[in-house]
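**Student:** The structure follows.
The values are calculated or read from the model by the stated rules, or taken from the named source; none is laboratory data. Since this is a predicted model, take the numbers as computed values, not measurements. Note that we place each Cβ from the backbone using ideal geometry, even for glycine, and neighbour counts take in every protein chain shown.
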Amino acid sequence: MDSVLAFIIGVVIIVIGLAVSIGLHEVGHLVPAKLFGVKVTQYMIGFGPTLWSRRRGETEYGVKAIPLGGYISMIGMFPPGKGERVHADSTGFFRGLVQDARDSSTESITPGDEHRAFYRLPVWKRIIIMFGGPFMNLLLAIVFFAIVLMGFGVQQPSTTVGSVSTCALPETSERQTCEPGDPAAPGAAAGIEPGDRIVSIAGEPIGSWNESTVIIREHADEPVALVVERDGETVELEVTPMLSERYVLDDQGGVVRDAAGEPLTDQFGFVGISAANEIVQQPVTAVLPTVGENVAGVAGIILNLPQRMIDVANAAFGTEERDPNGPMSVVGVGRLAGEIATIDEIPIASKAATMFGILGSLNIALFVFNLIPLLPLDGGHIAGALWEGIRRGFAKLFRRPDPGPVDLAKLMPVTLAVVVVFGAMSALLIYADVVKPVQIF
């Protein structure tokens, strides 16, 4: 396939997948809003000028020119003001933002529909409506990762030998290329060959590569029986692991590091063989933990977003490389998908699995990002509803008058600041993804 065409196909897949994800996010708001009787006047994918729309009943459904999000318009998002005086240190501009938000909310309520305003709903119904969008992204992420893990599978070490070292060098050695005079690796000396499937070591049956590693590390300078399957036949060998400086590994096979971030080393038995990877379909029980790990990863990026953005700026305007695990814009994600689609060495199935994985990660990002407790994000409305529930709960507990709904319109100056900051971050990420894209390969 032509590389340009493959690149375009990769980008289009992500664009369509993202558009569907955004559309279903808004469906997550739309369905409970209508079920609870709120009047929804618009359901739109994108922002800016309308490219296409059609009215069905009281709701206009359409697509707008800038595909960077979507929204539904519900009447009465903000309660009417109580007529209290604005603080003297407020500026006219900020007063205008608050009043414009209230006026727009009031004007959206047509005569006879006052009871269908969003702000009149009980707190729990408002939370369900606002959480419905992010929850839809979470469900989509679960579906995408289920397809990847259960349908395509993931690469993991098998019990088959992939390569055999000819010499023995410590893992901490700066040189990892064999030269004359280097000691021979025990595996090669014992006659182990690539393609051998390890059946048992020291009489212990081997079900995973990690099991073989543990036994080898514990038997330094001790001859151990090694049984392998080669070309359908059982071959019995004897290997003596040599004592060598190796990295300390955790239960998942990762390198253990100290408080300063330096890798820990120790003396272990070493044979000089590595596993051949195989694609293994995962059970359904692996899906939710994978989703949870991705949620935690995205949450970690958001919690450290200021430093992450500084790193992106340093890379974009300096000589530093981009962090492969750092934030990217939609432009960067699309470029990455297109790049993957052009690599002939990657099988079609692996490319498809990668695309589903990217879409799963994008939906995790949408889920976590939208739950940030700041307006205009869904999390801001959820936080406002929760605060209203707390206020009314305390008022009822202490037999005080109902304080009424929380006036989120007062937060419009903060909302404007959030929009400006997010816009600036988006612009920086897009610029960085153009001039200094993340290098995965």
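**Student:** What number of residues in the range 261-300 are β-branched (Val, Ile, Thr) and part of a strand (DSSP E or B)?
**Tutor:** Matching residues across the range 261-300 total 4.
**Student:** So residue 32 ticks every box in (1) within 22 Å of residue 415 (Cβ to Cβ); (2) at pLDDT 95 or above but one. Which box is left unticked?
**Tutor:** Of the numbered conditions (1) within 22 Å of residue 415 (Cβ to Cβ); (2) at pLDDT 95 or above, the odd one out for residue 32 is (1).
**Student:** Pairs needed: first member in the range 381-393, more than 11 Å from residue 405 (Cα to Cα) and in contact (Cβ under 8 Å) with a residue 24 or more places away in the chain; second member anywhere, buried (at least 21 other Cβ atoms within 10 Å of the Cβ) and charged (D, E, K, R); C-beta distance under 9 Å; at least 6 residues apart or different chains.
**Tutor:** 381/126; 382/126
**Student:** Taking interchain pairs and intrachain pairs at least six residues apart, which have beta carbon atoms under 9 angstrom, with the first residue in the range 260-286 and of a type in the set (D, E, K, R) and the second buried (at least 16 other Cβ atoms within 10 Å of the Cβ) and part of a strand (DSSP E or B)?
**Tutor:** Listed pairs, sorted by first residue: 266/246; 266/247; 278/157; 278/158; 278/160.
**Student:** I would also like to ask the following. Restrict the check to the range 310-328 and report whether at least one residue is surrounded by 19 or more Cβ atoms within 10 Å (Cβ to Cβ), among the small types (Gly, Ala, Ser), in contact (Cβ under 8 Å) with a residue 12 or more places away in the chain and under 20 Å from residue 419 (Cα atoms).
**Tutor:** Scanning the range 310-328, I find no residue that is surrounded by 19 or more Cβ atoms within 10 Å (Cβ to Cβ), among the small types (Gly, Ala, Ser), in contact (Cβ under 8 Å) with a residue 12 or more places away in the chain and under 20 Å from residue 419 (Cα atoms), so the answer is no.
**Student:** Go through 245, 229, 211 for me and flag whichever is surrounded by 14 or more Cβ atoms within 10 Å (Cβ to Cβ) and either within 35 Å of the chain's Cα centre (by Cα) or polar (S, T, N, Q) (or both). Steps first, answer last, please.
**Tutor:** Numbers: 245 fails: either within 35 Å of the chain's Cα centre (by Cα) or polar (S, T, N, Q) (or both); 229 fails: either within 35 Å of the chain's Cα centre (by Cα) or polar (S, T, N, Q) (or both).
It is 211.
**Student:** Go through the range 343-352 and count every residue that is assigned to a helix (DSSP H, G or I) and either crowded, with 21+ Cβ neighbours inside 10 Å or at pLDDT below 90 (or both).
**Tutor:** Adding up the residues that qualify gives 4.
**Student:** So, one more: Suppose we keep only residues that are hydrophobic (A, V, I, L, M, F, W, C) and not in a strand (DSSP E or B) within the range 234-260. Which one would you say is nearest to residue 187 (Cα to Cα)?
**Tutor:** 248
**Student:** Could I ask something else about it? Could we say that residue 253 is surrounded by 15 or more Cβ atoms within 10 Å (Cβ to Cβ), at pLDDT below 90 and touching a strand residue (DSSP E or B) at 6+ places or on another chain (Cβ under 9 Å) here?
**Tutor:** Working: surrounded by 15 or more Cβ atoms within 10 Å (Cβ to Cβ): no; at pLDDT below 90: yes; touching a strand residue (DSSP E or B) at 6+ places or on another chain (Cβ under 9 Å): yes.
Taking the combined requirement at face value, the residue does not satisfy it.
**Student:** Scan the range 204-233 residue by residue and report those that are outside any helix (DSSP H, G or I) and among the aliphatic types (A, V, I, L, M).
**Tutor:** 206, 220, 224, 225, 226, 227, 228
**Student:** Collect the residues in the range 287-300 that are surrounded by fewer than 12 Cβ atoms within 10 Å (Cβ to Cβ) and touching a residue at least 60 places away in the same chain (Cβ under 8 Å), keeping them in residue-number order.
**Tutor:** Answer for the range 287-300, where residues must be surrounded by fewer than 12 Cβ atoms within 10 Å (Cβ to Cβ) and touching a residue at least 60 places away in the same chain (Cβ under 8 Å): there is none.
**Student:** Residues being in a helix (DSSP H, G or I) and touching a strand residue (DSSP E or B) at 6+ places or on another chain (Cβ under 8 Å): count how many of those fall in the range 28-55.
**Tutor:** Matching residues across the range 28-55 total 4.
**Student:** Among the candidates 159, 177, single out the residue that is β-branched (Val, Ile, Thr), surrounded by 19 or more Cβ atoms within 10 Å (Cβ to Cβ) and not in a helix (DSSP H, G or I).
**Tutor:** 159
**Student:** What is the number of the single condition among (1) farther than 30 Å from residue 351 by Cα; (2) at pLDDT 90 or above; (3) not hydroxyl-bearing (Ser, Thr, Tyr) that residue 152 does not meet?
**Tutor:** So residue 152 meets the others, but not (1).
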